[in-house]
Amino acid sequence: MNKKKLFYVVFLLLLCFKGTAQNKADSLRLNFNIKFNDELLELHKKYTTTNKDTIALETFRCYISSIQIHYNDNSIFTEKDSYHLLDIENLYSLQIPITKANNKIISKVVFNIGVDSLASTSGAMSGDLDPTKGMYWAWQSGYINMKMEGKSSSCKTRKNEFQFHIGGYMNPNYVMRKVELEPKNNSFDITIDIAEFFSEIKISETNSIMIPGKKAMKLADYSIKMFKTE
């Protein structure tokens, strides 16, 4: 390759790098950090809950949908086709670019935990809603809004396993929940604190929720408390 061609290749690479960096700097994104209390959560690591249960998480997935950015001037940005699957095993899924950053002051971010009834009844879908992601039951039950699986010595189950598959889109067992968070320093680093969820239950008594119903509704209420800005 002659010097002239090499110059153009380097020049194009620099342009691409600059454009990528600029896009990251100019975009408003939600950054989710999955923690147990103040510590970033590690799969298979043992943690002790406030109820003195020892747990080790093996799976955490959760749908975030219908994201809105509210500004102090009362304007609202609403993301289109807003369905995102957070998966602790996929770090890229924990950063959600939303829209271009601007000089407006953000008053709050609003989103839902889960998938709405429209998506649940639309049949096979693609992207984060693809049934191969392991978060879709069937048309009658829809999507699993949040999935937590692991082990605890407190569970008198096979291999001491616990399984929480929280879902349901039909009344009276509609488990989608709304979260509203105010920013700190006009940025959105959001903690999902697993400890908050397990502080609400005794895992020796509640350790397997696999279908829509009253128990899933209670766990959906508990899940709201997990979300907070850093």
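The values are calculated or read from the model by the stated rules, or taken from the named source; none is laboratory data. Remember, it's a predicted structure, so these values are computed and weren't measured experimentally. With ideal geometry, Cβ positions are generated from the backbone for all residues, glycine too; neighbour counts draw on all protein chains shown. Calculation scope for accessible area: heavy atoms of the full protein, side chains included, ligands and nucleic acids excluded. Shrake-Rupley method; radii C 1.70, N 1.55, O 1.52, S 1.80 Å.
In segment 89-116, which residues are farther than 25 Å from Thr59 by Cβ and not in a strand (DSSP E or B)? The answer is Ala101, Asn102, Asn103, Lys104, Ile105. If you go through segment 90-101 and keep only what is touching a strand residue (DSSP E or B) at 6+ places or on another chain (Cβ under 8 Å) and either open to solvent by 70 Å² or more (accessible area, probe 1.4 Å) or modelled with pLDDT of 90 or more (or both), you end up with Ser93, Leu94, Gln95, Ile96, Pro97, Lys100. When Val175, Val179 are checked against the criterion of being of a type in the set (A, V, I, L, M, F, W, C) and surrounded by fewer than 20 Cβ atoms within 10 Å (Cβ to Cβ), Val179 stands alone in meeting it. Take Tyr222 and tell me if it is in a helix (DSSP H, G or I), within 19 Å of the chain's Cα centre (by Cα) and not polar (S, T, N, Q). Here the answer is yes, as Tyr222 does meet what is asked. Taken over segment 128-159, the residue count meeting the criterion of being within 12 Å of Asn207 (Cα to Cα) and crowded, with 17+ Cβ neighbours inside 10 Å is 6.
Within segment 64-83, residues that are under 17 Å from Phe227 (Cβ atoms) and assigned to a loop (DSSP other than H, G, I, E, B) have Cβ atoms under 6 Å from residues that are open to solvent by less than 60 Å² (accessible area, probe 1.4 Å) and hydroxyl-bearing (Ser, Thr, Tyr) in these pairs: Ser82/Ser65; Ser82/Ser66, counting only partners at least 6 apart in sequence or on another chain. Looking only at segment 179-198, residues that are hydroxyl-bearing (Ser, Thr, Tyr) and modelled with pLDDT under 95 come to 1 in all.
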